[in-house]
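Engineer: Supplied in structure tokens, the structure appears directly below.
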Amino acid sequence: MRAKKVLGIVLAGTLTLSAMSMSAMADEAPRIALLMASMTTEFFVQIEAEARAYAEEVGVDLEVYTCDNDSAKELANMETILSDAPDIILYTPNDSDAATVCVEKANEAGVPVITFDRGSNGGEVVSHIASDNELGGEMAGEYIREIFPDGAKVAELQGILATNVAQLRGAGFNKIIDETDNLELVAQQSANFDKSEGMTVFENMLQAHDEIEAVFAANDEMALGAMEACKAAGRDDIKIVGFDASPDAVVAVEAGDMAATIAQLPVKIIDTTIDTAIAYLNGEEVEKEIGVELQLVTQESLAAETEAE
Amino acid sequence: MNTKKLSEIWAKYRPVLIMIVFIIVAECLSRKFLTVNNIMNVLNQTSMNAILALALTTVILTGGIDISVGSTLAFSGAAAAWLLRAGHSTVLAVIVALVIGVAIGTLNGIFISRWNLQPMIVTLATMSIFRGTTYLLTTGSPISVSNPAFKMIGGGKLFGTIQVPIIILLVLAVIMHYVLNNTPFGRHIYSIGGNEEAAYLSGVNTKNVKAAAYAISGLLASVVGIIMTSRLSSAQPLAGQSYEMDAIAAAVIGGTSLRGGQGKVVFSIVGALIIGMLNNILTLLDVSTYYQTVIKGIVILIAVMIDAKSN
């Protein structure tokens with residue numbers, strides 16, 4: 001009898017407490033800071049737009065900070081954010097190593113951090129949410145293997161080597177090349193995720209190896225640069241596979257100028273990130289690493305999509 | 001007698017001789033280097049940096065510097081792309097881009113000459129301003145260009161082999177060489193760089209001449225902006241970022257003194273060619289990106305050391 005009473009009191013207490021915390025939530029929406037490296041690529045522009053839209057939809061306060069790809073400015077931004085003391089920080093760093101300092105600052109201040117897209121190489125983060133870039137690299141390699149069943153000489157345009165996005169995409173692609181005997185990597189160089197550099201580097205690669213039949217670029221800007229190089233050299237036979245499915249690349253795939261691109265799903269990434277942040281703030285357990293799916297975009301897949309619509 | 005003559009030739013044509021040695025070494029390292037295709041490829045790739053080197057040399061000769069060229073080219077290129085996307089003609093897009101280049105250059109020139117501000121700081125400020133306006137105009141994403149006439153500027157070929165940017169570079173080089181060496185304006189630029197006070201006292205309108213030098217720099221940067229937008233079929237928000245550094249390196253390798261008053265535009269182009277050939281041969285040899293960056297720095301250092309020793 002007595003035990004039941006105690007239980008009842010405890011239960012009532014918990015309910016009141018949770019009701020109080022819920023009303024606190026309702027009064028004051030969670031304050032989330034979003035710190036991004038740049039808004040100069042389509043990918044981040046989409047992330048930013050979706051972040052604002054989704055934050056409004058789920059009712060959180062969102063403040064966006066960017067740093068023009070400058071790690072020093074990023075640190076200053078992090079300090080500004082911490083002086084404002086938000087509930088949680090969503091962070092995609094300019095450089096995974098330089099990010100360590102930023103994350104450690106937040107750790108010291110006791111503000112939780114969730115990284116997305118690019119990760120941090122140090123400090124404590126609640127969770128890291130990203131496209132499974134290594135898987136994406138593998139998908140690109142597998143696609144090239146599929147369209148060249150008899151083997152091919154391939155080239156690789158790497159991204160900014162200090163970023164783990166570039167490293168993972170390259171690792172996935174090279175894994176497939178290594179395990180496939182008749183695919184030979186004849187040229188490999190960084191073009192820093194830049195279209196102009198992608199064009200120049202690929203022009204030079206074609207001078208050295210006119211036997212190249214396919215090229216994998218770790219982002220679409222470089223793939224589009226390689227495409228311009230192929231057009232200028234009259235080499236429209238070369239199969240170009242990019243990464244990110246930027247609007248220009250999708251147009252190029254549709255026109256047959258590029259063979260394929262790997263679509264990250266930026267909307268899915270930022271939605272997952274915000275969901276994870278809210279779950280964490282509500283005291284739920286969250287996974288340390290969350291991989292977001294990717295999608296191979298080819299002329300056929302685009303045709304199928306239009307048909308479905 | 002003979003050694004004296006040789007050292008005279010060395011002093012006079014140093015950058016050209018360095019380039020010849022470089023070409024010989026490169027050809028020994030890769031038989032793919034000295035082919036017509038590859039030479040045209042290098043010239044075409046180098047033309048943008050070479051035109052920027054013309055711009056930088058002009059202001060460096062006055063004892064100044066212009067680090068805003070990267071942003072100037074990005075903004076003028078983006079403006080051209082924006083107009084083309086809105087359905088305007090190639091002629092209008094090109095003219096507007098050039099006008100923007102001259103306007104930014106003139107703005108730099110007025111601040112530097114009328115207000116007597118440091119060229120490095122003024123152009124640092126305009127570098128930031130016009131990178132920002134480029135972000136605003138492009139909203140952070142590339143602006144695609146599909147106008148076939150416009151695409152001829154960066155992608156067209158004359159007689160089937162010589163790319164249009166190479167022709168543009170040659171024409172601009174001839175004009176700038178003539179202006180700087182055969183006109184009173186050119187002599188004034190050199191005399192300001194040599195000794196501004198003395199130039200002023202001998203009746204040179206130093207303010208106007210300096211402002212004009214920056215206007216020329218802006219104009220040349222916008223030409224590069226047009227070429228790049230056309231070559232890539234799109235205007236990139238980050239176009240030309242840190243290109244001023246390669247252009248300064250080209251001028252210095254070509255023997256231009258950062259103190260002003262000394263240098264030749266033709267040799268700055270040679271400097272740009274050396275940098276372009278270096279990038280090219282390293283890729284032909286499949287040297288990894290890590291080493292390329294190191295090697296580039298070392299070559300610039302050696303070039304500057306040779307220059308300092310010979311002076």
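The values are calculated or read from the model by the stated rules, or taken from the named source; none is laboratory data. The shown structure was predicted, so the numbers you read here are calculated from the model rather than taken from an experiment. We place every Cβ from the backbone using ideal geometry, glycine too, and count neighbours over all the protein chains shown. These accessible areas exclude ligands, DNA and RNA; they are computed on the full protein's heavy atoms, side chains included. Shrake-Rupley method; radii C 1.70, N 1.55, O 1.52, S 1.80 Å.
Engineer: Could you list, in their original order, any pairs among B:157/B:296; A:268/B:151; B:32/B:296; A:239/B:151 whose Cα atoms are separated by more than 32 Å?
Structural biologist: Over 32 Å Cα-Cα: A:268/B:151.
Engineer: Once the other residues with Cβ under 12 Å from the Cβ of residue A:225 are scored (Lys, Arg +1; Asp, Glu -1), what is the net sum?
Structural biologist: Residues near residue A:225 contribute -4 overall.
Engineer: Another question, then. Just to make sure I understand: if all protein chains stay in place, what is the order of B:259, B:187, A:169 by accessible area at 1.4 Å, largest first?
Structural biologist: Descending order: B:259, B:187, A:169.
Engineer: Please work out how much accessible surface residue B:88 shows to a 1.4 Å probe, ignoring ligands, DNA and RNA, in Å² rounded to 10.
Structural biologist: Its accessible surface works out to 80 Å², give or take rounding.
Engineer: In addition: What's the buried accessible area, both sides, between A and B using a 1.4 Å probe, rounded to 100 Å²?
Structural biologist: Summing both sides, the interface buries roughly 2400 Å².
Engineer: Excluding residues on the same chain fewer than 8 positions from residue B:4, give the lysines whose Cα lies under 20 Å from its Cα.
Structural biologist: In chain and number order, the partners are B:12, B:309.
Engineer: Report the extension gain between residue B:2 and residue B:118 in nm, rounded to one decimal, defined as 0.36 nm multiplied by the number of residues separating them, less their alpha carbon distance.
Structural biologist: Gain in length upon complete extension: 37.2 nm.
Engineer: Report the residue, chosen from B:143, B:60, B:121, that carries the largest GNM mean-square fluctuation when chain B is represented by alpha-carbon nodes joined by springs under 10 Å.
Structural biologist: Taking springs between Cα atoms under 10 Å, the residue moving most is B:121.
Engineer: Still on this structure, please answer the following. For every helix of n ≥ 4 consecutive DSSP H residues, a contribution of -39,500 (n - 2.57) applies; sum these over chain B, divide by its total residues, and give [θ] at 222 nm rounded to the nearest 500 deg cm²/dmol.
Structural biologist: Rounded to the nearest 500, the figure is -26000 deg cm²/dmol.
Engineer: Just to verify a number: what accessible area does residue A:100 come out at with the full protein assembly present, 1.4 Å probe, Å² rounded to tens?
Structural biologist: The accessible area of residue A:100 comes to roughly 30 Å².
Engineer: Size of the protein assembly as shown along its principal axes in angstrom, Cα-based, largest extent first?
Structural biologist: 119, 65, 50
Engineer: Counting other Cβ atoms within 10 Å, keep those with at most 12, restrict to DSSP loop, and tell me which GluC sites (Glu not before Pro) in region A:95-158 are left.
Structural biologist: In loop regions of region A:95-158 (DSSP not H, G, I, E or B), the sparsely surrounded GluC sites (Glu not before Pro) are A:124.
Engineer: Let me ask you something else. Working only with C-alpha atoms, what are the Rg and Dmax values of region B:183-285, expressed in angstrom?
Structural biologist: Cα only, region B:183-285: 16.7, 55 Å (Rg, Dmax).
Engineer: Something else about it: Bin by bin, in steps of 20 Å, what percent of the Cα pairs in chain B do you find, going until the bin that has the longest distance?
Structural biologist: Spelled out bin by bin, chain B gives 33, 58, 10, 0 percent.
Engineer: Now for a different question. Could you list which residues have their amide H under 5 Å from that of residue B:156, counting only those 5 or more apart in sequence or on another chain, with H placed in the peptide plane?
Structural biologist: Distant-sequence amide H within range of residue B:156: B:164.
Engineer: Using modelled backbone amide H atoms (1.01 Å from N, in-plane), which distant-in-sequence or interchain residues come within less than 5 Å of residue A:131's amide H?
Structural biologist: Sorted by chain and number, the residues that satisfy this are A:117, A:292.
Engineer: List the residues, sorted by chain then number, that are 5 or more residues from residue B:234 or on another chain and whose placed amide H is less than 5 Å from its amide H.
Structural biologist: B:145
Engineer: Please compute, for peptide A:196-204, the average count of beta-carbon atoms on other protein chains lying within 10 Å of each residue's beta-carbon.
Structural biologist: Per residue, the average neighbour count from other chains is 6.
Engineer: Expressed as a rounded percentage, what relative contact order does region B:156-299 have, with Cα pairs under 8 Å and six or more residues apart?
Structural biologist: Relative CO of region B:156-299 lands at 18 percent.
Engineer: Could you estimate the translational diffusion coefficient of region B:111-199 from the Stokes-Einstein equation, with Rh from the Kirkwood formula over C-alpha pairs, at 25 °C and 0.890 mPa s, in whole µm²/s?
Structural biologist: This corresponds to a translational diffusion coefficient of 142 µm²/s.
Engineer: Something else: Given R₀ = 45 Å, FRET efficiency for residue A:285-residue A:56 by Cβ-Cβ distance, to 0.05?
Structural biologist: 0.95
Engineer: Show log10 I(q)/I(0) for region B:171-220 at q = 0.23 Å⁻¹, two decimals, from a solvent-free Debye sum over equal Cα scatterers.
Structural biologist: Result of the Debye calculation: -0.83.
Engineer: Let me ask something else. Which value, in Å to one decimal place, does the Kirkwood hydrodynamic radius take for region B:1-128 when every pair of different Cα atoms is included?
Structural biologist: One decimal place: 18.1 Å for the Kirkwood radius.
Engineer: Moving on to the next point. Computed FRET efficiency, Cβ-Cβ of residue A:254 and residue A:97, R0 51 Å: what is it to the nearest 0.05?
Structural biologist: The formula returns an efficiency of 0.85 here.
Engineer: Follow-up question, since we're still on this one. If only Cα atoms are counted, what is the Rg of chain A, and what is its Dmax, in Å?
Structural biologist: 23.1, 89
Engineer: Just tell me, in residue order, which DSSP H segments of chain B are both 20 angstrom or longer along the helix axis (alpha-carbon based) and at least 1.6 in mean Kyte-Doolittle hydropathy.
Structural biologist: B:90-114, B:164-182, B:265-284
Engineer: Okay, next question. Each residue of region A:85-100 in turn: what ³J(HN,Hα) in whole Hz from Karplus with 6.51, -1.76, 1.60 and θ = phi - 60°, glycine and Pro shown as x?
Structural biologist: Each residue of region A:85-100 in turn: 6, x, 6, 7, 10, 9, 9, 10, x, 6, 9, 5, 6, 4, 5, 3 Hz.
Engineer: May I ask you to derive the FRET efficiency for residue B:258 and residue A:80 from their Cβ-Cβ distance with R0 = 41 Å, giving the value to the nearest 0.05?
Structural biologist: 0.65
Engineer: Averaged over peptide A:32-43, how many Cβ atoms belonging to another chain are found within 10 Å of each residue's Cβ?
Structural biologist: What the average comes to for A:32-43 is 3.
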